[in-house]
Amino acid sequence: MREAFKEALSRFAAGVTVVSARLGQEERGMTATAFMSLSLEPPLVALGIHEKAKLWPVLEAARAFSVSLLREGQEAVSQHFAGRPQEGVALEEGRVPGALAVLRCRLEAVYPGGDHRLVVGRVERVELGEPGLPLVYFGRGYRRVVWPS
Ligand code: FAD
Ligand code: NAD
């Protein structure tokens, strides 16, 4: 089941996000593809965060977080916040600089989800970057969107 589960889910294309939170002097970021738009009224998003992620206790205590939606070309940013440190990658003002968009959220609810927590955020502010194409994760690698001609 475990291998079939992963093989099936590797066939699901997802945008890539970096979730970040700060508590006092401690700020953490983490790459996440388990992200979705949940509700418009009120504006809610949902995320799956592993129970052992170092981000989790910070986010839970801060009761606030940001979601940066990565753009094409930000593969190194995704790698960095997935635990493979890259030169020159850092958060700025609590978000990934150059992201397509940033959602500033308050923690609305947390539900159990096996070895993850299903985290619901109420979007309190939206910051739009330059329009552009997203970074996509599919088939165990980073992909690009191709416009139909
Ligand atoms: P760490 O592994 O310590 O942190 C992650 C990395 O970010 C480290 O390299 C650290 O140096 C760096 N970092 C942290 N904070 C800062 C900061 N303030 N400034 C600069 N660098 C910082 N896991 C999930 O739970 N849910 C998902 O949806 C999910 N999707 C993923 C999608 C992809 C494509 C990949 C590759 C991984 C995904 N993961 C997901 C796994 C997750 O990204 C990694 O396990 C991650 O390393 C867990 O981060 P952590 O909070 O435990 O802390
Ligand atoms: P993979 O074969 O390890 O995973 C294929 C797919 O299975 C992933 O894209 C994801 O949809 C799912 N998956 C794998 N591990 C998971 C986990 N611990 N919890 C929930 N879903 C999981 O190859 P890959 O796609 O290159 O992923 C590499 C690594 O990145 C994974 O082993 C995992 O550590 C991490 N990852 C975690 C999640 C997540 O927590 N939701 C999502 C994607 C990737």
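The values are calculated or read from the model by the stated rules, or taken from the named source; none is laboratory data. What you are looking at is a predicted structure, and each value in this text was computed from that prediction instead of being measured. In this analysis, Cβ positions are derived from the backbone assuming ideal geometry, glycine residues included, and neighbour counts consider all displayed protein chains. Just the protein is used for accessible areas: all its heavy atoms, side chains included, with ligands, DNA and RNA removed. Shrake-Rupley method; radii C 1.70, N 1.55, O 1.52, S 1.80 Å.
Which percent of the accessible area of the chain is formed by carbon and sulfur heavy atoms (probe 1.4 angstrom)?
C and S fraction of accessible area: 55 percent.
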Worksheet, complete the sentence: Residue-ordered couplings for the stretch 40-51, obtained by feeding phi - 60° into the Karplus form 6.51 cos²θ - 1.76 cosθ + 1.60 and rounding to whole Hz (Gly and Pro as x), are 9, 10, x, x, 10, 10, 10, 9, x, 10, 4, 4
Item to complete: Taking H placed 1.01 Å from N in the peptide plane, check which residues at least 5 places from residue 72 or on another chain put their amide H under 5 Å from its amide H.
Response: 133, 135
Fill in: Derived scalar couplings ³J(HN,Hα) [the stretch 111-125; Karplus, 6.51 cos²θ - 1.76 cosθ + 1.60; whole Hz; x for Gly, Pro]
10, x, x, x, 7, 10, 10, 8, 9, 10, x, 8, 7, 9, 8
Discussion item. Treating only the Cα positions of the chain as identical point scatterers, give the base-10 log of I(q)/I(0) from the Debye formula at each q in 0.10 Å⁻¹.
Written reply: -0.34
Worksheet item: If contacts are Cα pairs under 8 angstrom and at least 6 residues apart, what is the relative contact order of the stretch 1-70 in percent?
Response: 37 percent
Worksheet item: Is it possible to state the helix-based mean residue ellipticity at 222 nm for the chain, with each DSSP H run of 4+ residues giving -39500 (n - 2.57), the sum divided by total residues, to the nearest 500 deg cm²/dmol? What is it?
Response: -4000 deg cm²/dmol
Discussion item. If I take R0 = 22 Å and measure r between the Cβ atoms of residue 76 and residue 37 in this structure, what FRET efficiency does the formula 1/(1 + (r/R0)^6) give, to the nearest 0.05?
Written reply: 0.25
Discussion item. Compute the distance from the alpha-carbon center of the stretch 1-43 to that of the stretch 86-149, in whole Å.
Written reply: 7 Å
Item to complete: Please work out the FRET efficiency for the pair residue 149 and residue 110, using the Cβ-Cβ distance as r and a Förster radius of 35 Å; give the result to the nearest 0.05.
Response: 0.20
Response to the item:
Relative contact order in percent for the stretch 2-140 (Cα pairs under 8 Å, 6+ apart) equals 30 percent
Worksheet item: Residues of the stretch 44-74 with amide nitrogen under 18 Å from the 7 Å Cα-to-Cβ point of residue 8?
Response: none
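For the stretch 1-48, which trypsin sites (Lys or Arg not before Pro) are in a loop by DSSP, counting at most 16 other Cβ atoms within 10 Å?
Qualifying residues, ordered by number: 11.
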